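Structure, as structure tokens:
Just so it is clear, none of the values below were taken in a lab; they were calculated from the coordinates. Not measured: the values here are computed from a predicted model. Quick reminder, even Gly has a Cβ in these numbers, built from the backbone with ideal geometry, and neighbours come from all protein chains shown.
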Amino acid sequence: MTGAQAAGQNAGMTHTLLPPRGCSEALSDWPWSVAANGLSLQRCQFDPALLDGSDFARLRIGTVPGVAKRQMEYLAGRYCAAIALRSFGCLNVPGRGDDRAPLWPPGFCGSISHSQGVALAVVGRQSAWRSLGLDLEAQLSDDRARRLCAEILTPAEQQRLQALPDDAHAARVSLTFSLKESLFKALYPLTGVRFYFQDAELLMADRGIAQLRLLKTLSAEWTAGCELPAHHAEIDGQLLSLVAVAAG
């Protein structure tokens, strides 16, 4: 299934919503070789220097406090989410909860991420997907990866890291960071429990496919030892990861 097909039968509706000033038009994207299976992934580029505050009202997106960069990130992410929802025929825009997480319209779930002038959103119907976690991250430098390694990687992950060539260490630390962020975004809406880098581990990552395991019990369903598949890719020179929890 191509990215255009993944957007749904009403993909033509995506062009009826003009992007915010300073944002490119959202493009349907799917960087993985596996089928999208009813998910819509939308991506745009943005420039905070071109922020126009009137776009919040035009797009029916609630304003957020902060500098122009923070406001533009939020606006661009919600714009991508709105386009993704429209690909399913839903004209709503996700709100903002007390915990600052997106509030999705009834019947839908999704996730939003942004980094270095790129915003993305993924959306699916809850009849097919219980929860989604999406994360976009810039690659860590070698020095920063070394400093953050013990914080992001468990002792077992650090041991497996040593089996990789030295020039691959920063990429693996960066990928682990992104995948665990996506895991949190996917499981927090289902459990209401916050967890951290040491509470999960990356078991494998190869050719865009990864496997994660919980090391902490979050609920009666999501117990220590549960494993979840994930996807990862490089897009616009950054790391993109996705954890999708299927319904049923």
Notebook entry, point to check: Restricting attention to the stretch 159-172, does a residue exist that is in contact (Cβ under 8 Å) with a residue 24 or more places away in the chain and over 19 Å from Arg207 (Cα atoms)?
Noted result: no
Margin query: Every residue in the stretch 57-68 that is under 16 Å from His114 (Cα atoms) and surrounded by 14 or more Cβ atoms within 10 Å (Cβ to Cβ), please.
Written below: Val64, Ala68
Next item on the list: Only one of these is under 26 Å from Pro229 (Cα atoms) and among the hydrophobic types (A, V, I, L, M, F, W, C): Ala121, Ala82, Ala76. Name it.
Entry: Ala121
Next item on the list: Name every residue in the stretch 95-114 that is at negative phi, out of contact with any Pro (no Cβ under 8 Å at 6 or more places or on another chain) and not aromatic (Phe, Trp, Tyr), in order of residue number.
Entry: Gly97, Asp98, Asp99, Pro106, Ser113, His114
Next item on the list: Could you pull out the residue among Leu214, Leu239, Leu203 that is more than 19 Å from the chain's Cα centre (by Cα) and not acidic (Asp, Glu)?
Entry: Leu203
Next item on the list: Could you look through the stretch 18-55, keep only residues that are charged (D, E, K, R) and touching a residue at least 60 places away in the same chain (Cβ under 8 Å), and pick out the one that is surrounded by the most Cβ atoms within 10 Å (Cβ to Cβ)?
Entry: Arg43
Next item on the list: Working only within the stretch 92-138, note down all residues that are hydrophobic (A, V, I, L, M, F, W, C), more than 15 Å from Leu187 (Cα to Cα) and touching a residue at least 40 places away in the same chain (Cβ under 8 Å).
Entry: Val118, Ala119, Leu120, Ala121, Val122, Val123, Ala128, Leu136, Ala138
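Find the residue count for the stretch 232-248, including only residues that are touching a Phe, Trp or Tyr at 6+ places or on another chain (Cβ under 7 Å) and more than 21 Å from Asp199 (Cβ to Cβ).
Residues of the stretch 232-248 that are touching a Phe, Trp or Tyr at 6+ places or on another chain (Cβ under 7 Å), as a first pass: 233, 244-247.
Next, from what is left, pick out any that are more than 21 Å from Asp199 (Cβ to Cβ): 233, 246-247.
Within the stretch 232-248, residues that are touching a Phe, Trp or Tyr at 6+ places or on another chain (Cβ under 7 Å) and more than 21 Å from Asp199 (Cβ to Cβ) number 3.
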